[in-house]
């Protein structure tokens, strides 16, 4: 396919901004980013046509290439729009055999993602909240949905309250699950009756509400009869065919199909956009997850990604399970963000937990007032270094809380079947072991304005270190200009191109982080690093950085102190080739677990020493 596709246009229609990128093969045959453009999204009044924003963003690509093209590419303006549509040569059958060395017009492939119009909004319904309903949550979140609510027989709400909730929220799709194959029947029929009584209406248009049934296969016809003709029911394989088995794939695929048919087609201008694209449009978070999953599986690594926005924080992870399979999970913390939701972070974390990260003395009431000002003026950016440090303190807490939420959902399946009533249907509703193993984590990818646009990459690295507390040896990276959605939908059709642009243009490597587990006394030896011109001993409680640039490697022997562990055992050496980056090779000798207490002695001095070690300026 790569010998045919030489120029790719990709767009991401966000809730406020539509972003376009142009990818081409250079003289060496490698795919690289040529230009990036953006324009306001036009899904709402007065325009009510998403394609206007798409055309505007791609017009910016044309204008950029007229004056600026990277070395290794043919100079000149690319003509990507013809007759008011995105022009694709392959689809029209008029591709010039000379490729991009010939006439500089059209793209060979045009793909798009979207979260405009609020994205895909779903509710899920199950029998047991910690079992089938949780599997439904994982399926919906993994398909790129915003989860509005979860209904379960044992969620403590009465039927009339569930009916009110369904009528109030008006989801795009409902995913219904419950019961192993051959298991409970009556509770699924009860849930179907609740949905029928609510008679929920979809958010867009006057079509029937789509419902996906992914429960006990022996109750399908009874559920269909209860729901009646007023519902567009689609049946897929059971999410939990056995208690110890989870099968999320069919439900996720059906969610994607229904998203295109029932949501995309109803939003203004989307039917036109679907005609333009070479492939199906994908939900933005689903595309990001696709990229991370594909990359983790192909590179045989465990990955943790985050996208922290103004209103929500998405966390993605791909970790090896006990069965030897890499499992993808995504969670959305819909109330944790850096602008519109900044006071929700304040409420959930508490002002003390935010203030503890500030390397200067400030009254908690002053922090609270500054964050309230940000909430009522959400689009403002920090004007002073102090303001920036306060925002970074909030980001640490938003990232930490969203990660706690993610770990609670990304876990193995555990349950003991019972035959009594629903209250005891699964005794020991204990949480399965979390799949998130920080010692086994290979890469962290930070995305979103506060991380991608931090004035210095070391600030992004330090925020991720403080929020996620990586263990062992982990590569810290930042998504430079948020093109992961574009590359995610591209990876579905041309992985080689997506991978090359992802590694070369998308992620910026800050460097490997070395962080031993264990605690000790201030000043005692925590870790010693030797090899390749490095001979460094770092005491407990400190951070150090070994200068090492991007694409620069050092073969190092890392020796933890007798009470510290890097994965090989307490006090045991680890020898590994490490890569630097925009920061260097970072040695985090603060120990694990690590925390900062607002009232701890010398707190400000310690935080200032961390900034100095990372090469960052100190506040006055």
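Summary of computed values
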quantity	calculated
Cα-Cα pairs of the range 114-169 separated by more than 12 Å (percent)	65 percent
Rounded to 5, percent antiparallel among DSSP beta bridges of the range 7-116	70 percent
Stokes-Einstein D (µm²/s) once Rh is taken as the Kirkwood radius of the range 111-245 over alpha-carbon pairs, at 10 °C in 1.306 mPa s	107 µm²/s
Three-way shape call for the range 288-613 based on the alpha-carbon gyration tensor, with the a/c threshold at 1.5	rounded
Mean Cα-pair separation over length for the chain, i.e. relative contact order, pairs under 8 Å, 6 or more apart, %	11 percent
Gyration tensor (alpha-carbon) shape descriptor, the range 534-620, a/c threshold 1.5	oblate
DSSP beta bridge pairing in the chain, given as percent antiparallel to the nearest 5	65 percent
Whole-percent pair-distance distribution, where bins are 10 Å wide, for the alpha carbons of the range 502-554	19, 43, 26, 11, 1
21 Å tail of the calculated P(r), the range 280-343, as % of Cα pairs	32 percent
Computed Kirkwood radius, in angstrom, where 1/r is averaged over Cα pairs of the range 7-116	14.1 Å
Sum of -39500 (n - 2.57) over DSSP H runs of 4+, divided by residues of the chain (222 nm, nearest 500)	-9000 deg cm²/dmol
Inter-centroid distance (Cα atoms) of the range 148-206 relative to the range 464-479, Å	39 Å
Per-residue Cβ neighbour rank within 10 angstrom, fewest leading, 208, 293	208, 293
The range 296-364 and the range 1-38: distance between their alpha carbon centers, rounded to Å	28 Å
Matching label, Cα extents along the principal axes in Å computed from the structure shown, candidates [x] 122, 105, 46; [y] 73, 70, 48; [z] 74, 59, 49	[y]
Calculated P(r) of the range 467-551 - Cα pairs past 23 Å, %	43 percent
Part-to-part distance (alpha-carbon centres) for the range 515-542 and the range 558-583, which is given in Å	9 Å
Potential lengthening between residue 503 and residue 551 on full extension [0.36 nm per residue; Cα-Cα distance subtracted]	16.1 nm
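Readers should treat all values here as calculations from the given coordinates under stated rules, not as data from a laboratory. What you see is a predicted model, and the numbers here were worked out from it, not measured in a lab. We place every Cβ from the backbone using ideal geometry, glycine too, and count neighbours over all the protein chains shown.
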